[in-house]
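Heads up: the structure comes next, in structure tokens.
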Amino acid sequence: MTCRTRTTVGGVLAAVLLSALPTAAAASAPDSRRPFTLTEEKGHVLDCAGERNGVSVAAQLYENSAFGTYAYVNVRTADTEYLRDGETDAGLFDHGTISRELTVHEGGETTGPSRTVVVDGSYTPAGPRRRVHEVHDEPWGQVVVKGWKTPLSAAVTVRVSGQRIDLTCGDAFAFDHRVRRPVISGN
């Protein structure tokens, strides 16, 4: 059996997710003299997992109006692990529903054997929206996030290898932010 440790919804998207994922970072006031970009970002985040008959599935789905969509799907059986980790070519969330077919590859290698995973579900607001105001110190400067975050209740299933697996979602929320980022020299 192949065992890998993966950073979920991280790595490449860490800078992008700063605007969506909650943190308790405290920082000093932003330097208003440096050039910056201001983006309007709306989207959704779901982090779900489940298991049935020896098959476990973890799925993180992320959509951001300014940066696109991202899907991480990990399917583990007793014999192998199938992965899909990267940007997607179309939306994942559609006015309360999720319906997407994704291909996962053995060991994450796109040249290896693959399986089709169908992710279906629904989501609804699960509480009042909360105001967000965060300042994150990053190596290139401070990132300031202001806006709203709404918790979601999600019912998600995955069909893979002839099985239907119900997933339980931990982090699930919608966001509507204005994000101020310093301009990085050379970009």
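The values are calculated or read from the model by the stated rules, or taken from the named source; none is laboratory data. As the structure is a computational prediction, the values presented were derived from the model and not from experiment. Note that we place each Cβ from the backbone using ideal geometry, even for glycine, and neighbour counts take in every protein chain shown. The accessibility values were calculated without ligands, DNA or RNA, using every heavy atom of the protein model including side chains. Shrake-Rupley method; radii C 1.70, N 1.55, O 1.52, S 1.80 Å.
The requirement of being surrounded by 18 or more Cβ atoms within 10 Å (Cβ to Cβ) and either acidic (D, E) or under 28 Å from Q163 (Cα atoms) (or both) is satisfied by E81. Scanning segment 175-187 for residues that are assigned to a strand (DSSP E or B) and open to solvent by 20 Å² or more (accessible area, probe 1.4 Å), we see that the one that is nearest to C48 (Cα to Cα) is D176.
Residues being open to solvent by less than 30 Å² (accessible area, probe 1.4 Å), among the aliphatic types (A, V, I, L, M) and in contact with a Phe, Trp or Tyr (Cβ under 6 Å, 6 or more places away or on another chain) are entirely absent from segment 165-172. The residues in segment 92-106 that are open to solvent by 50 Å² or more (accessible area, probe 1.4 Å) and of a type outside the set (V, I, T) can be counted, and the count is 5. Yes or no: P22 outside any strand (DSSP E or B) and either modelled with pLDDT of 95 or more or within 19 Å of R129 (Cβ to Cβ) (or both)? In short, yes. Total residues in segment 134-163 satisfying the condition of being open to solvent by 30 Å² or more (accessible area, probe 1.4 Å), closer than 18 Å to L46 by Cβ and more than 19 Å from the chain's Cα centre (by Cα): the figure is 1.
Of the strands (runs of 3 or more DSSP E) lying entirely inside segment 68-133, those carrying at least 1 residues that are within 18 Å of K42 (Cβ to Cβ) and at pLDDT below 90 are 81-88.
For segment 107-128, the set of residues classified as open to solvent by 50 Å² or more (accessible area, probe 1.4 Å) and in contact (Cβ under 8 Å) with a residue 40 or more places away in the chain consists of R115, T116, P125, A126, listed by residue number.
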